[in-house]
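Heads up: the structure comes next, in structure tokens.
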Amino acid sequence: MQRLKTRPQFQATMSAGTIARTPHFALHRMELVAEVPDMVANPRTGPGSNDPQALFGIGAVRKQAWLGAMVPKRWARRSVTRHTIKRQIYAVSSDYEDALLCASYVVRLRSGFDRKQFVSATSDQLKAAVRKELQQLFATGARRLTQARQTAEAEVNLKKNSPQAIDGKAQEATDLVANQPENQP
């Protein structure tokens, strides 16, 4: 799994939309095109490109999952807390890596954890609460992606088995039978 490093990568991913939310986190996703055959000849992917796909490299790198963690000071004042949350994000995401391929993701902290409930900056109780919520976030995102893939596959199968396709296959079969030489005893 690759990590997002630059501000434009984060901005492009976050502008693509949110696929899952929990009370404290949001999961943003931008689908990456796996292979563009004429990428070198395409002027949109060269230097100075406005195409967000250009930010994520070429070839096999695009087939991997890209992940970034965004934990603003506004919601986690202490750096120890911010780093703990980021470590939890990367640890939990590795469990869902297979479901997250060919896309870039940003996990964003969208509200703070109650400091009265979690007094310590990095307690086991805080880590457990963050981990539980992140697992819920990634499970929801993975479930939505699986449903979207199944819907797309069903549409493709429906097109293959549509009446026009079936009639075409039947016509091909009758043409094959009609063009066979007759065997007379």
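Within region 141-155, identify whether any single residue is over 18 Å from the mean Cα position of the chain (by Cα) and more than 19 Å from residue 2 (Cβ to Cβ), and answer yes or no. Yes, region 141-155 has at least one match.
Can you tell me which residue is nearest to residue 137 (Cα to Cα) among those in region 64-93 that are small (Gly, Ala, Ser) and loosely packed, with under 15 Cβ neighbours inside 10 Å?
Checking each candidate, the answer is 91.
Taking region 18-53 as the range and being modelled with pLDDT under 90 and among the small types (Gly, Ala, Ser) as the test, the residues that pass are 34, 41, 46, 48, 49. Any chance region 96-110 includes a residue that's under 19 Å from residue 23 (Cα atoms), open to solvent by less than 40 Å² (accessible area, probe 1.4 Å) and over 15 Å from the mean Cα position of the chain (by Cα)? Looking for residues that are under 19 Å from residue 23 (Cα atoms), open to solvent by less than 40 Å² (accessible area, probe 1.4 Å) and over 15 Å from the mean Cα position of the chain (by Cα), one finds at least one in region 96-110, hence yes.
The values are calculated or read from the model by the stated rules, or taken from the named source; none is laboratory data. These numbers come from a predicted model, not from an experiment. Cβ atoms come from the backbone with ideal geometry, glycine included; neighbour counts cover every protein chain shown. Quick note on the areas: whole protein, heavy atoms, side chains included, nothing else; ligands and nucleic acids left out. Shrake-Rupley method; radii C 1.70, N 1.55, O 1.52, S 1.80 Å.
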